[in-house]
Amino acid sequence: MNDDRYKGYREPCLGLLQRFDVGVWYEVRVTTREGSFEGLLLPRSVTSDAHHIVLKLTTGYNVGLRCDTIVEMQQIGYREAHYKIPEQEFPVSRDKPRVKLLGTGGTIASRLDYRTGAVIPAFSPGELYGSVPELAEICNLETDKLFGVFSENMGPEQYLVLAETIGQTIEEGYAGIVVGHGTDTMHHTAAALSFMVQDPPVPIVMVGSQRSSDRPSSDAAQNLINATWAAATGDIAEVMVCMFGPTSDQYNLLHRGTRVRKMHSSYRSTFRTLGDIPLAMVDDGVITHLKDDYRPRRDDRRVKVQPAFEEKVSLLYYYPNMQADMVDALVERGYKGIVLAGTGLGHVNRTLYPALRRAHEAGVVVFMTLQTLWGFVQMHVYETGREILELGVVPLANMLPEVAYIKLGWALGMHPDDPARVVELMTTSIAGEMTEREPHDGYLVFQGGVPEIQDFLQQVWK
Ligand code: ASP
């Protein structure tokens with residue numbers, strides 16, 4: 001038997017719940033061999049394992065407890081949780097800028113679904129206003145849910161729809177655009193939009209959250225508020241990512257779409273600008289510029305939208321002892337372009353040379369980027385570099401590997417039969433993806449947590 005009272009629970013946990021006469025939505029005190037816990041017994045997902053019960057603690061965090069460690073369970077209350085976000089109509093005020101929020105999914109658009117126990121994408125304008133009413137102080141927000149996917153499911157098909165929608169939205173006269181997106185591949189989409197939507201007259205600000213809004217430490221509201229400020233009133237008319245700057249909830253950073261990368265699996269301050277410093281800080285309406293070489297906002301509605309993507313491109317992350325068949329397989333399978341993420345200044349082993357030559361002869365364009373993420377490809381320093389250059393591999397300065405992958409897909413999509421034009425496009429910086437130099441200490445200092453780093457250093461120096 002597994003009725004509503006035991007929703008999702010199977011043996012062995014089911015027997016345990018029956019034995020102690022408790023069910024889902026009961027507040028329980030659970031004694032285990034490791035200690036005791038009090039919280040709300042949550043339903044289980046049909047896809048989750050059978051060996052744990054899940055409690056929502058009073059702190060808001062969920063904890064899984066292994067059934068075979070449980071000694072006793074006692075009911076202390078009952079509270080059915082409804083996590084429906086209250087919907088309210090977004091108030092319109094005539095003197096505020098119009099901003100469009102395009103939803104693609106991800107944690108920012110998620111809440112915990114207690115039917116399945118999973119975090120599911122959910123997005124509606126009313127829900128958004130209901131949960132972050134501050135947005136109405138910034139702008140007149142309209143929303144459009146394009147997709148409802150976690151960002152691992154974003155890809156060329158979605159990039160094209162997004163780019164076209166952004167183009168139309170700009171033409172419709174919005175003051176700025178916010179794109180809600182999962183954080184995992186946000187930097188890929190940011191790069192795609194940077195190439196597909198060139199020279200926009202208004203800010204295009206991507207935003208996500210590392211922690212869903214049902215958690216006390218959620219970054220969703222702060223990120224959304226600051227991204228909306230940047231889109232509504234900011235002067236930087238580029239594709240950017242707006243996420244937590246420091247680890248604490250002090251301010252957000254605006255990162256250029258071609259220089260940003262997710263760098264931590266769980267920190268809220270996970271996005272970092274690489275090879276440069278962030279464009280600006282945003283703190284509840286106050287935007288402090290950190291760089292002055294940016295494209296400023298314009299009043300016109302001109303924008304160059306070029307949605308194209310060749311899917312037969314690959315990013316090959318070199319590892320010692322990589323074999324030639326890794327490259328040959330791609331060529332045989334009809335791949336038209338390969339980005340290598342090489343070691344050091346842009347190296348791979350000799351074993352790959354014959355395959356790289358075969359790729360070049362077959363008309364496959366091959367480019368070199370760096371695993372170090374900071375610094376420039378320099379293939380004239382070591383013999384290895386020079387040899388690889390002779391095989392037709394084209395160095396891409398300090399373009400990040402993922403950005404190069406996306407740019408190559410776009411360039412080949414634009415010019416499917418013109419490899420020379422593709423090489424020319426790849427080696428010309430369009431949206432800040434290659435810079436002349438990098439700040440000499442940028443990778444140590446300008447990473448958004450300046451006060452934190454100073455505090456840390458002072459402690460270490462003492
Ligand atoms: N897996 C999620 C995603 O990228 C994580 C997030 O949104 O932060 O869609």
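The values are calculated or read from the model by the stated rules, or taken from the named source; none is laboratory data. Keep in mind that what you see is a predicted model, and the values were worked out from it rather than measured. Positions of Cβ are generated from backbone atoms using ideal geometry, with glycine treated the same way; all protein chains shown enter the neighbour counts. Note: accessible area is taken over every heavy atom of the protein model, side chains too, but ligands, DNA and RNA are not part of it. Shrake-Rupley method; radii C 1.70, N 1.55, O 1.52, S 1.80 Å.
The table for this structure:
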item: Radius, Kirkwood style, for the chain when every pair of distinct Cα atoms is counted (Å); result: 24.3
item: Förster radius 35 Å - calculated FRET efficiency between R421 and E171, Cβ distance, rounded to 0.05; result: 0.80
item: All aspartates and glutamates inside 20 Å of K96 as judged from Cα atoms, apart from same-chain residues fewer than 8 positions distant; result: E134, E137, E142, D144, E171, E172, D235, D283, D284, D299, D300
item: Expected-Rg normalisation [2.2 N^0.38 Å, Cα atoms] applied to the stretch 233-288; result: 1.06
item: Tail fraction, Cα-Cα pairs, the stretch 252-325, threshold 22 Å, whole percent; result: 52
item: 14 Å beta-carbon shell around E34, net charge (K/R +1, D/E -1); result: 0
item: Solvent exposure ordering (accessible area, 1.4 Å, most first) of L340, L128; result: L128, L340
item: Shape call, the stretch 202-351: gyration tensor on alpha carbons, a/c limit 1.5; result: prolate
item: DSSP beta bridges in the stretch 160-279 [antiparallel fraction, %, rounded to 5]; result: 55
item: Loop-located GluC sites (Glu not before Pro) in the stretch 267-364, at most 13 other Cβ atoms within 10 Å (DSSP); result: E311
item: Full-extension gain in nm, E390 to E72, via 0.36 nm per residue minus C-alpha separation; result: 107.4 nm
item: FRET efficiency, Q371 to D300 (Cβ-Cβ, R0 60 Å, nearest 0.05); result: 0.90
item: Rg/Rg_globular for the stretch 290-361, with Rg_globular taken as 2.2 N^0.38 Å and Rg from C-alpha atoms; result: 1.67
item: Magnitude of the charge dipole, the chain, Cβ model with Lys/Arg +1 and Asp/Glu -1, debye to 20; result: 440
item: Charge sum, other residues only, whose C-beta stays under 15 Å from V403's C-beta, Lys/Arg counted +1 and Asp/Glu -1; result: +1
item: Convex hull per residue volume in Å³, alpha carbons only, for the stretch 270-413; result: 149
item: Under the Karplus curve 6.51 cos²θ - 1.76 cosθ + 1.60, θ = phi - 60°, whole-Hz ³J(HN,Hα) for the stretch 397-411, x wherever Gly or Pro sits; result: 6, 10, 6, 5, x, 5, 5, 5, 4, 5, 5, 5, x, 5, 5
item: Charge tally in the Cβ shell below 15 Å around E387, where Lys, Arg are +1 and Asp, Glu are -1, E387 excluded; result: +1
item: Fraction of beta bridges assigned by DSSP in the chain that are antiparallel (%, nearest 5); result: 60
item: Most positive-pole-ward Cα, T258, V305, S217, against dipole of the chain from beta carbon charges; result: S217
item: Solvent-accessible surface ranking, highest first, for K96, K291, K304 at 1.4 angstrom; result: K304, K96, K291
item: With all protein chains modelled, accessible area of W410 [1.4 Å, Å²]; result: 10
item: Rounded to the nearest 10 Å², the accessible area of Y78 at probe 1.4 Å; result: 120
item: Linear extension gain, D199 paired with Y267, 0.36 nm per residue minus alpha-carbon span; result: 21.3 nm
item: Placed amide H near M263: partners under 5 Å, 5+ positions off or other chain; result: F271, R272
item: Three-way shape label, the stretch 136-282, alpha-carbon gyration tensor, a/c 1.5; result: rounded
